[in-house]
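Structure, as structure tokens:
The values are calculated or read from the model by the stated rules, or taken from the named source; none is laboratory data. Everything numeric in this text was worked out from a predicted model, so none of it was measured. Here the Cβ is made from the backbone with ideal geometry for all residues, glycine too, and neighbour counts use every protein chain on show. The accessibility values were calculated without ligands, DNA or RNA, using every heavy atom of the protein model including side chains. Shrake-Rupley method; radii C 1.70, N 1.55, O 1.52, S 1.80 Å.
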Amino acid sequence: MPQQVQGVVAPGRNEPVRVETIVIPDPGPGEAVVRIQACGVCHTDLHYKQGGINDEFPFLLGHEAAGTVESVGDGVTDVAPGDFVILNWRAVCGQCRACLRGRPWYCFATHNARQKMTLLDGTELSPALGIGAFAEKTLVAAGQCTKVDPAVAPEVAGLLGCGVMAGIGAAINTGNVGRGDSVAVIGCGGVGDAAVVGSRLAGAAKIIAVDIDDRKLAKATEMGATHTVNSRTTDPVEAIRELTGGFGADVVIEAVGRPETYRQAFYARDLAGTVVLVGVPTPDMKLELPLLDVFGRGGTLKSSWYGDCLPSRDFPMLIDLHQQGRIDLGAFVTETIGLGDVEKAFARMHEGDVLRSVVVL
């Protein structure tokens, strides 16, 4: 029988979010209903609210979540009621050319639930990244559920569902940061700090954090940055070169998603170095670089979508590292809030006051 729960809806472009009654259908074949325990407030949710992703309003926001499987539909074998799971927005198909080539993190046909969640009047909702987890319960494809150790706190586990995984994966999976490498991270919000953590975990010798906010630079230092650069007052390209013997960093991770910071990343890398774009640009942004510079500097220019992660591989591994004390996922949680506080959390995010606000249900 369909259930009625409370959830946070973005009704229209730049309109304040509001808590509404959501109708959750019973899970169909290949689907699962998950009782949400915690969900991080990610910048992507703000993009949805602002219309920066698409205009398929109203949106059921929230996607960086952990919870317990309540029920599953026919054919579901990988998870069962009672399993503690992290939700992911890259449920791989196993059949496309990327999956068949052994590169499932590039899957071209990822799954979402086929049924729609609705408002009480029947209006269909568009769940953010196919999840919609600012809600007491949500309906997802069963492949979007990744089982992890239930001993970990939900507000910590859920962060791997998006931002923290994106940053750690940008360093380890996409950037292939190795022992002794020099790394620069431009933009020290949640994703950038996670890239710092990933670089430290991979054994980077020098990790240079770049931001315009000294508060964020201080936090990046706590996370493992060895040097900081305030790019409001200092040319970051020259500073990174000076800190790397005049050469530039082996890997530069751009966690802002703007043309000007991407140019900084491009010129701050060593010859034959790697640039990783993990910051999310808006559709109107354009990048112009001299083609001769692209040719002459060599190296690799990469984008990192979800940290090129494979949830079934990476989520349990990172939870294990957290439980061993090798990474501190809890350091990303600035505050815990309720469903009714999401609009205020967006404002705090905009002001740079938080690393992560986490809705706890």
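Just a few scattered comments:
- Checklist (1) open to solvent by 50 Å² or more (accessible area, probe 1.4 Å); (2) charged (D, E, K, R); (3) within 30 Å of ALA268 (Cα to Cα) applied to ARG114, failing item: (3)
- When PHE266 is tested against (1) more than 19 Å from the chain's Cα centre (by Cα); (2) open to solvent by 20 Å² or more (accessible area, probe 1.4 Å); (3) of a type in the set (Phe, Trp, Tyr), only condition (2) is not met.
- The condition (being open to solvent by less than 50 Å² (accessible area, probe 1.4 Å), within 30 Å of ASP328 (Cβ to Cβ), touching a residue at least 60 places away in the same chain (Cβ under 8 Å) and assigned to a loop (DSSP other than H, G, I, E, B)) is satisfied by just one residue among VAL152, VAL140: VAL152.
- Among the residues of the range 292-318, those that are out of contact with any strand residue (DSSP E or B) (no Cβ under 8 Å at 6 or more places or on another chain), under 18 Å from VAL85 (Cβ atoms) and touching a residue at least 12 places away in the same chain (Cβ under 8 Å) comprise TYR306, CYS309, LEU310, ASP314, LEU318.
- Count of residues meeting criterion [open to solvent by less than 20 Å² (accessible area, probe 1.4 Å), outside any helix (DSSP H, G or I) and closer than 28 Å to VAL191 by Cβ] in the range 23-46: 8
- Matching residues, the range 70-89, being farther than 21 Å from ASP320 by Cα, in contact with a strand residue (DSSP E or B) (Cβ under 8 Å, 6 or more places away or on another chain) and touching a residue at least 40 places away in the same chain (Cβ under 8 Å): GLU70, SER71, VAL72, GLY73, VAL76
- Total residues in the range 94-113, condition within 19 Å of CYS145 (Cα to Cα), within 23 Å of the chain's Cα centre (by Cα) and not hydroxyl-bearing (Ser, Thr, Tyr): 10
- Number of positions in the range 47-72 that are open to solvent by 10 Å² or more (accessible area, probe 1.4 Å), out of contact with any Ser or Thr (no Cβ under 9 Å at 6 or more places or on another chain) and either under 20 Å from THR146 (Cβ atoms) or of a type in the set (D, E, K, R) (or both): 6
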